[in-house]
1. Which residues, counting only those in the range 45-69, are in a strand (DSSP E or B), modelled with pLDDT of 85 or more and either on the phi > 0 side of the Ramachandran plot or open to solvent by 10 Å² or more (accessible area, probe 1.4 Å) (or both)?
2. In the range 26-39, which residues are surrounded by 12 or more Cβ atoms within 10 Å (Cβ to Cβ) and either assigned to a loop (DSSP other than H, G, I, E, B) or under 10 Å from the mean Cα position of the chain (by Cα) (or both)?
3. Show the residue pairs meeting these rules: Cβ distance below 7 Å; 6+ apart or different chains; first residue within the range 159-187 and closer than 18 Å to LYS145 by Cβ; second residue among the aromatic types (Phe, Trp, Tyr) and open to solvent by less than 60 Å² (accessible area, probe 1.4 Å).
4. Of all residues being under 12 Å from VAL69 (Cβ atoms) and β-branched (Val, Ile, Thr) in the range 133-166, which is least open to solvent (accessible area, probe 1.4 Å)? Just the residue, please.
5. Does ILE76 satisfy being more than 18 Å from SER28 (Cα to Cα), aliphatic (A, V, I, L, M), buried (at least 20 other Cβ atoms within 10 Å of the Cβ) and within 15 Å of the chain's Cα centre (by Cα)?
Amino acid sequence: MFFKNIPLFSGLSDADHALLLQVAVRRSYPRQTLLIQEGDPGERFYLLRKGRAKVYLGNEEGREVILSVLGPGDFIGEMALVDDDPCSASVMTLEETEIVSIGKNEFQKVMVSSSSMAPNLLKALSRRLREADLQIESLALNSVKARVEQALRGIAEPDGGELVIPVGITHRDIASMVGATREVVTRVFRSLEETGVVRVEGRR
C-alpha cells in the first residue's frame, strides 16, 4: 500500500491505488541527474522513495538559487500536471535517488475519480506557498546568519537524538538557498561552530 502512506494519496480507494501501482514507473538515478529542466512541458509526476534532490532556478552564467531540498515522501511535478504550464524550476538529484513517476493522463484520472486527492493536493500546494512566503520573508528581513540557521533547520533530520544535515549538502548549496556567497556561508559556519550551535564530525 505504498501510495496510501503518502499524505497526498491518503483516502484513495483500493481501485485507485491499484491503478497507480499499475501505471507507476520506478527507477533509480545516480547523483547529479537532471530529472526536470525548467521550461520543459510537465508530463510526469515524481515521488521520491529514497535519496534527495534539489529544486532550483538557474541562469546562463551558471548561477542558481535552491528553492528547496526534497527527501523521501516528497513529490514534484504536480503543478505542471494541473495547470498545463511548463515546469517552473529544475530538479537534480543530490545523491543516488529512487523515483516513482506517474504519467499526466493517469495522474489526472486518479485525481478525478478520488474524492480525497484534490483536497489533499490543495493542502500540499498551500503548504508550499506558505514555505515560499517564509523564504521570501527570510531573504528580505533576516541576516545571513539567521538565514543559514533557518535553512539548516529546514533540511536537518533527526538521528540519535541530534539533528543531522544530510550528506551531500555543501556550503555552496546552503549559499544558493540563502542568497549569499559560499565564502560568507563558510564564515557563518565557523561562527556557529565556535558558539556550539553546529558540530562537524568528518562529513557529518
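The values are calculated or read from the model by the stated rules, or taken from the named source; none is laboratory data. Quick caveat: nothing in here was measured; it's all calculated off a predicted structure. Cβ coordinates were reconstructed from backbone atoms using ideal geometry, including for glycine residues, and neighbour counts include every protein chain displayed. Side chains are part of the model used for accessible areas, which takes the heavy atoms of the whole protein and leaves out ligands, DNA and RNA. Shrake-Rupley method; radii C 1.70, N 1.55, O 1.52, S 1.80 Å.
1. TYR46, ARG49, LYS50, LYS54, VAL55, TYR56, LEU57, VAL65, LEU67, SER68, VAL69
2. ARG31, THR33, GLN37, GLU38
3. HIS171/PHE189; SER176/TYR56
4. ILE155
5. no
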